[in-house]
Amino acid sequence: MRIVLVGFMACGKTTVGDLLAKKLNKLQIDLEQAIVEREKLTIPEIFAKFGEDHFRLCEHRALLANIGKDAVITTGGGTPDAGR
C-alpha cells in the first residue's frame, strides 16, 4: 500500500505523514528531505543557486524514484505541478 499526501505549503503534510506512517507501521518518505539529501543543499540554497525550475525537476525525480514504494510519501507544495 502506498499513500501520497499532497496539499498546500505548510499545511501539515509531513506532520500528518509521520503520524500516519507510525500508525500503519510503514516507511515515511518526505520528498523534500530526499531532495536535500540528494542535492547536499538546503531547499533555499537550491533555489538560490539553481532556481525554481531545477528544484521542480528535483521534486519530479524524487517522486518518480519513490512512488512505487510501500510507504507514506509526503510531497512539497509544488509537487503536483513539478512534472509539467
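The values are calculated or read from the model by the stated rules, or taken from the named source; none is laboratory data. Just so we're clear, the structure is a prediction, and the values are computed from it rather than from any experiment. Heads up, the Cβs are rebuilt from the backbone with ideal geometry, glycines too, and the neighbour counts pull from every protein chain shown. With ligands, DNA and RNA removed, areas are computed over all heavy atoms of the protein, side chains included. Shrake-Rupley method; radii C 1.70, N 1.55, O 1.52, S 1.80 Å.
Points worth noting:
- With K and R counted +1 and D and E -1, the other residues having a Cβ less than 10 Å from that of Thr74 yield a net charge of -2.
- Fluctuation leader among Asp53, Asp18, Asp30 - the chain, Gaussian network, Cα springs under 10 angstrom: Asp53
- Split the accessible area of the range 1-48 by element, probe 1.4 Å, and carbon with sulfur accounts for 61%.
- DSSP H segments from the chain that extend 15 Å or more along their own axis, Cα-based, with Kyte-Doolittle mean of 0.0 or above: 13-24
- Heavy-atom surface of the chain, accessible at 1.4 Å and reported per residue (Å²): 65
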